[in-house]
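Have a look at the structure below before the remarks.
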There are 2 protein chains.
Amino acid sequence: MLATLRAMTAIRHSPKGAAKREEILETALEIVARLGYNGATIRNLADAVGLSKTGLLHHFGTKEELFVEILRRRDAEDLVAFEAALAQGHSIVEAFAGVLTRNANVPGLVQLYSRLAMEASDPNHAAHDYFVDRYREVRREIEGQVRAAVAEGRMTDSVAPEQLALIFVALSDGLQMQWMFDSGVEMGTQIEELFRALRLDALLE
Amino acid sequence: MLATLRAMTAIRHSPKGAAKREEILETALEIVARLGYNGATIRNLADAVGLSKTGLLHHFGTKEELFVEILRRRDAEDLVAFEAALAQGHSIVEAFAGVLTRNANVPGLVQLYSRLAMEASDPNHAAHDYFVDRYREVRREIEGQVRAAVAEGRMTDSVAPEQLALIFVALSDGLQMQWMFDSGVEMGTQIEELFRALRLDALLE
DNA sequence: GTCTATACCTAGATAGAC
DNA sequence: GTCTATCTAGGTATAGAC
């Protein structure tokens, strides 16, 4: 359950290899932030961690798998943060907006996610299945939280939970796209204001 | 005004060149639909229209400019269809959903748009400015239509027109993303249902 | 203006040695 | 686990033919 979102513990790696993997993942994110997605080439990544191109690929096989691993970890962290915010009494909108805001503050992450997702829309792409699973699981997670809130009387059921999950994800992805072309937007704040303006707060709090 | 969205008439081309340009644009869209965005390489496109790689590039300079030209034409057609639907008495939601549905029925177009937009999020990308302008103009167009509807008493002003424009575009982009991974969704229908479920129809009709 | 051939560069991936 | 060398694919610039 939620296998794609929750952390996948690396098992078959020596301590040295595991450490190098960590270093590569952190460096990759930093390079995407600094040089952009296009600048995050195998060569640049390899140089940054002091490896040859082949040396770097040894740890992940392909560039896509490396990137997917970064996103998998973000998913796991986001899930923890989302559920923690809810546990602290925040509304679903607030918890969701918090995740968005947090990610927007990690330069490169939004770009990495959006770019890779669109490339992976091709069914033959190595990361296609990851995104198919991820979308399904993210929607299911939100839908479940909505149902729980409805059951506890914290939310009306005038909107079908599946639809609400779909719209949450669509808004998140869509706001990120516009944000990438006009970074003045505070996505988290924006999504909260939008829901408030659209009277969704009445439904959701 | 709306220079990016409205059709740009080609001026400095002979009849022969103009015809070839048309053939290339139509073929490119067909190839994206059949082979996917990744399959739409310069070589494949050139083969399909019976030109050498350089011969094809002669007409557009770069691959990106070719793709942008396709999107520009779609924008122009969409704008016409959108305003025509409004003129026929449809609501903004209906007119907007109609455009979405129409585009979803042109295989390859959604993929072309989404892929190119994300690649162009890099400020150095050749198509970056096109998308910056496009987002601005699409929002402005929607915002203007909303204001007009408010002025005529066909819509409440409880939601700021700018915010409504932002959410329309975000929903559109976001739904397209999920649609690409789960094409069972009828985007146009979905967006109408969503707005209805979210009680936006009360605001918008 | 339309188009070809060639040559070049970058990027990702693979084979096989150490 | 890491390297060197090599392969492939894709995009583009140049020179020049018609």
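Each of A:LEU116, A:ALA170, A:ASN105 was placed along the dipole of chain A (beta-carbon charges, centred on the mean Cα), and the one lying farthest toward the positive end is A:LEU116. Taking a ≥ b ≥ c as the square roots of the eigenvalues of the Cα gyration tensor of chain B, is the shape rounded (a/c under 1.5), prolate (a/b larger than b/c) or oblate? It is prolate, given that a/c is not under 1.5 and a/b is the larger ratio. Shown for B:GLU30: label points 7 Å from Cα along the beta-carbon vector, and their distances to the equivalent points in the other copies, 5.1 nm in ascending order.
Which links in A:LYS63/B:LYS20; A:LYS63/B:LYS53; B:LYS16/B:LYS63; A:LYS20/B:LYS63 stretch past 26 Å when you go from one Cα to the other?
Over 26 Å Cα-Cα: A:LYS63/B:LYS20; A:LYS63/B:LYS53; A:LYS20/B:LYS63.
Counting only Cβ charges, +1 for Lys and Arg and -1 for Asp and Glu, the dipole size of the protein assembly as shown around its Cα centre is about 1260 debye.
Using Cα atoms only, what is the angle between the long axis of helix B:63-87 and the major principal axis of chain B, expressed in degrees (0 to 90) to the nearest 10? Between helix and principal axis, roughly 30 degrees. A label point on A:HIS13, set 7 Å along the Cα-to-Cβ line, lies at 5.1 nm from each of its counterparts in the other copies, closest listed first. Across the options A:VAL150, A:HIS90, A:MET180, the greatest Cα extent toward the positive end of the charge dipole of chain A (unit charges at beta carbon of Lys, Arg, Asp, Glu) belongs to A:MET180. Ordering B:LEU56, A:TYR37, B:THR4 by the projection of their Cα atoms onto the charge dipole of the protein assembly as shown, which places +1 on the Cβ of Lys and Arg and -1 on the Cβ of Asp and Glu, puts B:LEU56 at the extreme positive end. With the simple spin-label model, which puts each label point 7 Å out from Cα in the Cβ direction, the B:ASP129 to A:ALA3 separation comes to 4.9 nm.
Taking packing as the residue-averaged number of other Cβ atoms within 10 angstrom, the listed peptides B:168-179, B:35-46 run from highest to lowest as B:168-179, B:35-46.
Computed over chain A, the per-residue total of -39500 (n - 2.57) for DSSP H runs of n ≥ 4 gives a 222 nm mean residue ellipticity of -23500 deg cm²/dmol, rounded to 500. In nanometers and ordered shortest first, the copy-to-copy spacing of the A:ASP157 label point, defined 7 Å from Cα toward Cβ, is 3.9. When chain A is turned onto chain B, its residue with the beta carbon nearest the axis, and that distance in whole angstrom, is A:GLY174, 2. By the count of neighbouring beta-carbon atoms within 10 Å, fewest first, A:HIS13, A:HIS90 end up ordered A:HIS13, A:HIS90. Once the Cα atoms of helix B:92-104 and of chain B are each reduced to a long axis, what angle between those two axes, in degrees from 0 to 90 to the nearest 10, is obtained? Helix B:92-104 sits at roughly 30 degrees to that axis.
Relative to the longest principal axis of the Cα atoms of chain B, helix B:161-181 runs at roughly 50 degrees.
Throughout, read-outs are computed from the coordinates displayed, never taken from laboratory work. The structure presented is a predicted model; accordingly, all values stated were derived computationally and were not measured. Note that we place each Cβ from the backbone using ideal geometry, even for glycine, and neighbour counts take in every protein chain shown.
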